[in-house]
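Before any comments, here is the structure.
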Ligand code: C2E
Ligand code: CA
Ligand code: CA
């Protein structure tokens, strides 16, 4: 089987090897280094980009097989073996297969020095490592495992290796897959990979990470790696934009980038990749199509936020431990008395103490925990209302609804079940929704509000005048009450502009048959102004701060 006349001395080895070859998946090889002749199992010709299983001029011939980026590594190892005339060869690198696709192989061999003939041999085997773990067929890039291996090499060298790791992610990749199918998704990934390679000039140091992420590892002795990373990100983005343009915008997408400047002496592989991923996560959060460099303060804040979210979750799971609904009096001008309250949530945490809803409501919204807590608030508030109605028949309660409850839960069903269980008339409950870009012009919001209104609940626009003041939204969404934000009431007695604004809002609302509640009235002068302007109800510290139910009862009943 082995065709090398010069190595007759080795025939007994060859016989053994050919037998081994039959019962082995690997390809066994003998390289006569002295005569520069190579023989390998015949099956290697079927697997790899080889014309023959036996050839001379070994390194030159192997150029057709060895993946170019890996050639220097192989060269170096061979030089070492020849120099030392002994030793083990153990390398993982890439060979081209029959389809000219790089595949990972492990080449293991032993240098044998035949002193009698004064010849040097390398005898060993080549086995395919399987492309799945190390290599991405779609983009022809190495995977995270290879990056890990290469980065850990820096650490093992124990030298100062510095640089940056840039992760590029395709924005909204999931929706590309959903809209156009995974074949197009794969094509997008292959295109992005190619654009990155065009800019870098080699596939080396470019990695296909998980999902839609690509990593680029750059080492050097620069002074501002964050700037370098940003520049590289922009170049890649331009390349992608050009490609999209050249294809007549058939498919349009953007990329985000996040980078971490590392020092291999101090940063483990896990730290390096985690921090770069965090930066990318921030870029996507901020609004995509941008670059963000890792920042320690951002990271610490993020960790604090995650911890806080965990504590909130614990409290909710733990029977809403630490949560309490407070009630702020609502004064009705036509009755000249407090005859209602707004339910406002409070959280007294074991770890953080008393915390404002302004801080924790957004976290609950982000994690959708506002849905179970919102249900609990509705239950508490309606039971409280029923109790107070026994003393004051017309008493009503205002409950805040978050856009997450409206958009992401079956809020109408929840409310109707809860209120029916409590057994009070629907007209005693007002639901407040903040006018914001999140609710505006969404057909689902309109449906929910229409259903609530159809069920006999009153609806109020909260914080009117701040953020989006879309009058069409007010007109179309079946609101009965406008709540004017505190910002307009502050110093209304001395601030002419505020006075004019509130006058205008109240007149407009009354013309549209809507009632107006002014919020944040703190002083007697402010109160007389809003009464003079015809507000229908008034809320504010002047009448009372939000307080626990027991205190409210003592004060107003
Ligand atoms: P909001 O719905 O606009 O509630 C009115 C806020 O103004 C309350 O703050 C209240 O304490 C405060 N306030 C009332 N009168 C005065 C005043 O005269 N002067 C001053 N300086 N402030 C006054 P709070 O309770 O801290 O709530 C803040 C926000 O948190 C609420 O604004 C609401 O958006 C949200 N929130 C509170 N409870 C809930 C809830 O149960 N569910 C939902 N989804 N959001 C809630
Ligand atoms: Ca409110
Ligand atoms: Ca408000």
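The values are calculated or read from the model by the stated rules, or taken from the named source; none is laboratory data. Fair warning: this is a prediction, and the values are worked out from it, not measured in the lab. Counting neighbours? That spans all protein chains shown, and the Cβs are built from the backbone with ideal geometry, glycine included.
Here are some notes:
- Residue that is farthest from ligand 2 (Cβ to nearest atom), among those in the range 340-354 that are at pLDDT 95 or above and surrounded by 15 or more Cβ atoms within 10 Å (Cβ to Cβ): 347
- For the residues 409, 367, 436, the requirement of being under 21 Å from residue 308 (Cβ atoms), touching a helix residue (DSSP H, G or I) at 6+ places or on another chain (Cβ under 9 Å) and surrounded by fewer than 21 Cβ atoms within 10 Å (Cβ to Cβ) singles out 367.
- Residue check for residue 404: over 14 Å from residue 343 (Cβ atoms), within 16 Å of ligand 3 (Cβ to nearest atom) and either modelled with pLDDT under 95 or not in a strand (DSSP E or B) (or both): no
- Within the range 481-523, the set of residues being more than 14 Å from ligand 3 (Cβ to nearest atom), free of Cβ contacts under 8 Å to residues at least 40 places away in the same chain and closer than 27 Å to residue 453 by Cβ comprises 502, 504, 506, 507, 508, 509, 510, 511, 512, 513, 515.
- Looking at 253, 331, 326, just one residue is touching a helix residue (DSSP H, G or I) at 6+ places or on another chain (Cβ under 7 Å) and surrounded by 15 or more Cβ atoms within 10 Å (Cβ to Cβ), and that residue is 253.
- Residues satisfying the stated conditions in the range 490-523, i.e. near ligand 1 (Cβ under 10 Å from one of its atoms) and farther than 19 Å from residue 432 by Cα: 490, 522, 523
- Boolean, residue 437 is more than 16 Å from ligand 2 (Cβ to nearest atom) and within 19 Å of residue 483 (Cα to Cα): yes
- Residue count for the range 385-398, restricted to those that are touching a residue at least 40 places away in the same chain (Cβ under 8 Å) and either farther than 23 Å from residue 450 by Cβ or surrounded by 23 or more Cβ atoms within 10 Å (Cβ to Cβ) (or both): 8
- Residue 481 passes every criterion in (1) surrounded by fewer than 18 Cβ atoms within 10 Å (Cβ to Cβ); (2) under 41 Å from the mean Cα position of the chain (by Cα) apart from (1).
- From 337, 332, 305, 379, residue being at pLDDT below 95 and more than 16 Å from ligand 3 (Cβ to nearest atom): 305
- Pairs, first without any contact (Cβ under 8 Å) to a residue 24 or more places away in the chain in the range 142-166, second part of a helix (DSSP H, G or I) and buried (at least 17 other Cβ atoms within 10 Å of the Cβ), C-beta under 6 Å, six or more apart: 145/134
- In the range 432-479, residue farthest from ligand 1 (Cβ to nearest atom) [restricted to those that are on the phi > 0 side of the Ramachandran plot and modelled with pLDDT under 75]: 441
Each row is one residue, and each column tells you yes or no for (1) assigned to a loop (DSSP other than H, G, I, E, B); (2) closer than 23 Å to residue 482 by Cβ; (3) more than 13 Å from ligand 1 (Cβ to nearest atom).
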position: 320; (1), (2), (3): yes, no, no
position: 327; (1), (2), (3): no, yes, no
position: 331; (1), (2), (3): no, yes, no
position: 341; (1), (2), (3): no, yes, no
position: 361; (1), (2), (3): no, yes, no
position: 391; (1), (2), (3): yes, no, yes
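- Restricting the first member to the range 399-423 and to residues that are over 16 Å from residue 458 (Cα atoms), and the second to residues that are within 16 Å of ligand 2 (Cβ to nearest atom) and assigned to a loop (DSSP other than H, G, I, E, B), the beta-carbon pairs closer than 9 Å and six or more apart or on different chains are 403/436; 403/438; 403/439; 404/438; 407/438; 407/439.
- Output for the range 160-191, where each listed residue is assigned to a helix (DSSP H, G or I) and within 29 Å of residue 220 (Cα to Cα): 189, 190, 191
- Taking the criterion of being in a loop (DSSP other than H, G, I, E, B) and either modelled with pLDDT of 95 or more or closer than 30 Å to residue 252 by Cα (or both), the residues of the range 131-159 that qualify are 137, 138, 139, 140.
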